[in-house]
Amino acid sequence: QVELVESGGGLVQAGGSLRISCAFSGRTFTDYYGLGWFRQAPGKGREFVAGIRWTPVRQYYTDSLKGRFTISGQNGQNTVYLQMNSLKPEDTAVYYCAASTLGVPRDPSAYRIWGQGTQVTVSS
């Protein structure tokens, strides 16, 4: 059974950086799943941030965050990272990773498996 566990969230000042992680279980995870990072701010819906698939390896980003956020994950490792630089107060949200058998869709309803989320708070 696939499980996802996020970690690494916290409080950071505007302009700072943070790296959050998503650990996944299952030896064949990368053969069948794509992984997406989403975020949800208070009172808002879940927003696609970035995603990765391994067959072949390809990364995806929402246009507004490209250049500040970087997703990474290597074959043979069971962790995906989201490096977030030049953070802004509007990046404050709970960040979730999720797994989909449909590649890396941007619609959160296409993901069956979700982690518990990690809080990222950016102070001004």
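Values quoted throughout were computed directly from the atomic coordinates according to the rules given, and no laboratory measurement underlies them. Predicted model only: the values in this text are computed from it and were never measured. Here the Cβ positions follow ideal geometry from the backbone for every residue, glycine too, while neighbour counts run over all protein chains shown.
Each residue of the stretch 55-67 in turn: what ³J(HN,Hα) in whole Hz from Karplus with 6.51, -1.76, 1.60 and θ = phi - 60°, glycine and Pro shown as x?
10, x, 6, 7, 10, 10, 9, 6, 4, 5, 10, 4, x
Relative contact order for the chain: what is it in percent, counting Cα pairs under 8 Å that are at least 6 residues apart?
Values: 306 pairs, mean separation 44.7, N = 124.
Computed value for the chain: 36 percent relative contact order.
Residue by residue, what Karplus-based ³J(HN,Hα) values in Hz, rounded to whole numbers, does the stretch 71-84 have, using 6.51, -1.76 and 1.60 with θ = phi - 60° and x for Gly and Pro?
9, 8, x, 10, 4, x, 10, 9, 9, 10, 10, 10, 8, 10
So what's the stretch 51-124 giving for Cα Rg divided by 2.2 N^0.38 Å, two decimals?
Details: Rg = 13.0 Å, N = 74, 2.2 N^0.38 = 11.3 Å.
Rounded to two decimals, the normalised Rg is 1.15.
Relative to the present Cα-Cα distance, how much length would full extension add between residue 40 and residue 3 at 0.36 nm per residue of separation?
On the way: separation 37, 0.36 × 37 = 13.32 nm, distance 2.00 nm.
Full extension from residue 40 to residue 3 adds 11.3 nm.
Name the longest site-free stretch of the chain, where the excluded sites are trypsin sites (Lys or Arg not before Pro) in a DSSP loop with no more than 12 other beta-carbon atoms within 10 Å.
Values: sites that count: 27, 44, 112.
Here the longest segment lacking exposed loop sites spans 45-111.
Could you check the simple spin-label distance between residue 64 and residue 109, using points 7 Å along Cα→Cβ, in nm with one decimal?
2.1 nm
May I ask you to evaluate 6.51 cos²θ - 1.76 cosθ + 1.60, the Karplus curve with θ = phi - 60°, for each residue of the stretch 90-96 and list the ³J(HN,Hα) values in order in whole Hz, giving x for glycine and proline?
So the J values, rounded to whole Hz, are 6, 7, 4, 4, 8, 9, 10.
For the chain, what does the helix formula give at 222 nm: sum of -39500 (n - 2.57) over DSSP H segments with n ≥ 4, over the residue count, nearest 500 deg cm²/dmol? Mind dumping the intermediate values first?
Working: 1 runs with 4 residues, N = 124.
Calculated from helices alone, the mean residue ellipticity at 222 nm is -500 deg cm²/dmol.
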